[in-house]
Amino acid sequence: MHKRIFLKVLLAIGLFTTASAADLLDTVKARGTLKIALEGTYPPFSFKNTKGELDGFDVETAKLLAKKLNLKPEFVTIEWGGILAGLQTGKYDIIVNQVAATDKRKEVFDFTQPYTLSSAQLILRKDVSHNYKGLADLKGKKLGVGQGSNYADLAKAVDGVEVKTYPGAPEYLQDLALGRLDAALNDSLLIPYLIKQAKLPLKGGAVVGSVEGSAIPYLKGNPAFGAALDKALAEAKADGSFARISKKYFDRDVSKPLQGV
């Protein structure tokens, strides 16, 4: 091969390698925007407010992170069923939508540190004096759960508990308030919102099962981008800005586990 042609080939390979190795942080900085995917139909995390604007805990958290990275947030709304596939094909940079960092997902994506921690939690009537410490204490009792949910599986694994499934939370919360159920079970993050929306005399009960974290996924091979996201999250937690958003929606800092009730 002619030396000049060979040199051009080497230069082309070198340029291609450099381009391929470019970190996502360089891309978003050059673009000036951070493309963020979320559902937009998942209150209180993301939803359209009365003005038709995206709002919610995850929306505000994403805006906060973008600000700390000196980037403009650019939101993409997409149904849950296709949200991870969209990230894999590069349609957006991150997902801020309560994504659990499972081992299977970690094969495809890298994740930030968790920004929310949650667990299953009992829901009780306000006038209930029984000190149910867990599902085992509900043997011989009726427990309401969402049909097909992880909480239904969790409850059915406990012998002696009469598990009743419902299409959604409004239905079982109504039955709980009317005394047709002894307790219900849902995510500790959602319970304050559900009770507020239902406007029923209910309260959160004991925490059940293990604590799980949700984090922000991004494509593998972008260590500088991931480090910048983690730094932004750490700063938001340290300066109290994350806690302010959290308390607005959940009356507590959800980056910390809920203590037993």
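The values are calculated or read from the model by the stated rules, or taken from the named source; none is laboratory data. This structure is a prediction, so every number in the text was calculated from the model and none was measured. Note that we place each Cβ from the backbone using ideal geometry, even for glycine, and neighbour counts take in every protein chain shown.
List of remarks:
- Just so you know, in the stretch 209-227 the residues that are of a type in the set (A, V, I, L, M, F, W, C) and assigned to a strand (DSSP E or B) include one that is modelled with the lowest pLDDT, and it is VAL211.
- Of all residues in the stretch 212-230, those satisfying the criterion of being surrounded by 15 or more Cβ atoms within 10 Å (Cβ to Cβ) and either farther than 20 Å from ASN97 by Cβ or aliphatic (A, V, I, L, M) (or both) are ALA215, ILE216, LEU219, ALA228, LEU229.
- Here ALA206, ALA152, ALA184 are screened, and the one residue that is closer than 26 Å to PRO43 by Cβ, at pLDDT below 95 and not in a helix (DSSP H, G or I) is ALA206.
- Selection from the stretch 207-261 of residues that are in contact with a strand residue (DSSP E or B) (Cβ under 7 Å, 6 or more places away or on another chain) and acidic (Asp, Glu): GLU212
- Complete set of residues in the stretch 109-147 that are more than 23 Å from PHE250 (Cβ to Cβ) and assigned by TED's automatic domain parsing to the domain that holds GLU235: PHE109, ASP110
- Checking each residue in the stretch 37-70 for being assigned to a loop (DSSP other than H, G, I, E, B) and buried (at least 19 other Cβ atoms within 10 Å of the Cβ) picks out GLU39, GLY40, PRO44, PHE45, GLY56.
- When the test is whether a residue is modelled with pLDDT of 95 or more and among the hydroxyl-bearing types (Ser, Thr, Tyr), THR18 does not pass it.
- Test result for PRO192, under 28 Å from ILE95 (Cα atoms) and within 20 Å of the chain's Cα centre (by Cα): yes
- Count - residues of the stretch 171-189 that are without any contact (Cβ under 8 Å) to a residue 12 or more places away in the chain and within 16 Å of the chain's Cα centre (by Cα): 0
- The number of residues in the stretch 213-238 being over 21 Å from ALA37 (Cβ atoms) and either charged (D, E, K, R) or touching a Ser or Thr at 6+ places or on another chain (Cβ under 7 Å) (or both) comes to 3.
- Odd one out for GLN121 among (1) under 28 Å from GLY209 (Cβ atoms); (2) part of a loop (DSSP other than H, G, I, E, B): (2)
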